[in-house]
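Since the structure comes first, as structure tokens, the remarks are kept for the end.
Derivation of every value follows stated rules applied to the coordinates shown; laboratory data play no part. In this text, all values refer to a predicted model and were calculated from it rather than measured experimentally. Neighbour counts run over all protein chains shown; Cβ positions are idealised from the backbone, glycine included.
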Amino acid sequence: MGMNDMIRFFRQMTGKLGSNIYAGMPIHSNPQQMSFLRQLQKEMKKENTLACPLEELPVVVFDLETTGFYPEKGDRIISIGAVKIIGSTILENEVFYSLINPEISVPTDVLKLTSITEEELLSAPKTSQALMEFLHFTGSSVLVAHHAKHEQAFMKKYTSSHLRLHFEHRVIDTTFLIRIFQPVVNSLPLEQICLECGIEVKNRHHALADAKMAAKLWAFYIKKAREQGYHNLREVYEYLSLKR
């Protein structure tokens with residue numbers, strides 16, 4: 001990555017990553033780059049995303065395809081897809097997709113479900129490279145995912161083990177906004193909620209396709225939340241905490 005690319009990357013960040021980002025940079029990063037990053041971090045302002053108006057809130061909606069459900073037991077990430085949104089506007093050209101070589105055998109049923117081949121995975125970037133590229137794409141934006149605990153668990157495990165980075169991004173489930181209108185919605189599959197909202201279900205279990213569907217879902221409920229009189233995430237948190 002050239003110096004100009006690095007400057008653009010950090011200027012696009014919506015907040016400030018913790019100092020642990022430096023431990024997550026590739027081992028071969030030279031001292032000049034490290035010094036530059038430290039200096040650049042001083043220039044960044046920390047933004048209060050909870051107070052940001054919903055119509056201006058920048059988020060990255062992402063999805064992971066994995067070999068299983070348990071990263072602590074050795075299940076791996078095999079693909080990442082993501083798309084950026086500001087408020088309810090999906091930035092169609094601001095997308096990320098990468099296959100990942102898990103360096104382990106992938107169950108046949110997972111390959112069939114995701115339509116990914118062993119050959120594609122063998123030639124794909126390794127986990128550390130793909131995760132760094134993903135972090136370049138996201139910056140410190142709020143992340144959104146459907147059934148987000150799954151994505152968050154894998155990101156915590158593999159940014160720690162492969163990048164030596166403590167994963168500190170705020171991760172919000174797509175059902176966060178939906179629960180304003182439907183209190184019991186946590187376990188519903190993505191395709192069911194999308195169909196209920198009139199969102200086309202296409203290429204299910206492809207990480208980028210799922211991220212785009214989840215993004216449309218998020219945008220749909222951002223509009224509904226605004227129509228209901230919510231101005232920012234803090235107001236939604238406060239309302240939901242009172243409903244418990």
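Would you mind estimating how fast the range 180-235 diffuses translationally, via Stokes-Einstein at 25 °C and 0.890 mPa s with the Kirkwood radius over Cα pairs, in µm²/s? Walk me through the intermediate numbers first.
Working: Rh = 12.3 Å.
Using the Kirkwood radius from Cα pairs, D works out to 200 µm²/s.
With the crude spin-label approximation of a point 7 Å out along Cα→Cβ, what separation in nm comes out for residue 70 versus residue 93?
4.6
At 7 Å along the Cα-to-beta-carbon direction for both residue 168 and residue 234, put a label point, then send me their distance in nm to one decimal.
2.0
What does the charge count around residue 215 come to, taking other residues whose C-beta lies under 11 Å from its C-beta (Lys +1, Arg +1, Asp -1, Glu -1)?
Values: positive: 84, 212, 216; negative: 63, 92, 94, 210.
Local net charge: -1.
Sort the range 111-178 into rounded, prolate or oblate with this rule: let a ≥ b ≥ c be the square roots of the eigenvalues of the Cα gyration tensor; rounded if a/c is under 1.5, and if a/c is not under 1.5, prolate when a/b is larger than b/c, oblate otherwise.
Values: a/c = 2.19, a/b = 1.28, b/c = 1.71.
Oblate, since a/c reaches 1.5 and b/c is not below a/b.
Can you list which of the trypsin sites (Lys or Arg not before Pro) found in the range 120-224 are DSSP loop residues with at most 15 other C-beta atoms within 10 Å? Spell out each step's value before the answer.
On the way: sites: 126, 149, 156, 157, 164, 170, 179, 202, 204, 212, 216, 223, 224; in loops: 164, 170, 179, 202, 204.
Loop-located and lightly packed - 164, 170, 202, 204.
Using a Cα-Cα cut-off of under 14 Å, which aspartates and glutamates could be cross-linked to residue 223, ignoring same-chain neighbours fewer than 8 residues away?
Partners within reach: 55, 56.
Short version: ³J(HN,Hα) in whole Hz for each residue of the range 208-215, in order, from phi by Karplus 6.51 cos²θ - 1.76 cosθ + 1.60 (θ = phi - 60°), x for Gly and Pro, what are they?
6, 4, 5, 5, 5, 5, 5, 5
Near residue 104, within a Cβ-to-Cβ distance under 13 Å, what is the net charge of the other residues, with Lys and Arg +1 and Asp and Glu -1?
Values: positive: 73, 76, 126; negative: 75, 103, 118.
Every neighbour counted, the sum reads 0.
To the nearest 0.05, what FRET efficiency results for residue 119 and residue 200 with a Förster distance of 30 Å applied to their C-beta separation?
Values: r = 30 Å, r/R0 = 0.99.
Plugging the Cβ-Cβ distance into 1/(1 + (r/R0)^6) gives 0.50.
Using the Cα gyration tensor of the range 109-244, with a ≥ b ≥ c the square roots of its eigenvalues, what is the shape: rounded (a/c below 1.5), prolate (a/b larger than b/c) or oblate (neither)? Display every interim value, and only then the final one.
Values: a/c = 2.37, a/b = 1.46, b/c = 1.62.
Taking the square roots of the gyration eigenvalues as a ≥ b ≥ c, the range 109-244 is oblate.
What number comes out for the charge environment of residue 78, summing +1 per Lys or Arg and -1 per Asp or Glu over other residues with Cβ under 11 Å away?
Values: positive: 76; negative: 65, 75, 103, 118, 120.
Its environment carries a net charge of -4.
Relative contact order of the range 49-141: what whole-number percent is it, with Cα pairs under 8 angstrom and at least 6 residues apart? Don't jump to the answer; show the numbers that get you there.
Working: 131 pairs, mean separation 22.9, N = 93.
Over the range 49-141, the number comes to 25 percent.
Pull up all non-local amide H partners of residue 91: gap of 5 or more, or a different chain, and H-to-H distance under 5 Å with H placed in the peptide plane.
84, 85, 86
At most 15 other Cβ atoms within 10 Å and a DSSP loop assignment: could you name the GluC sites (Glu not before Pro) in the range 92-140 that fit? Mind showing how you got there, number by number?
Working: sites: 92, 94, 103, 118, 119, 120, 133; in loops: 103.
When the GluC sites (Glu not before Pro) of the range 92-140 are filtered for loop state and at most 15 Cβ neighbours within 10 Å, 103 remain.
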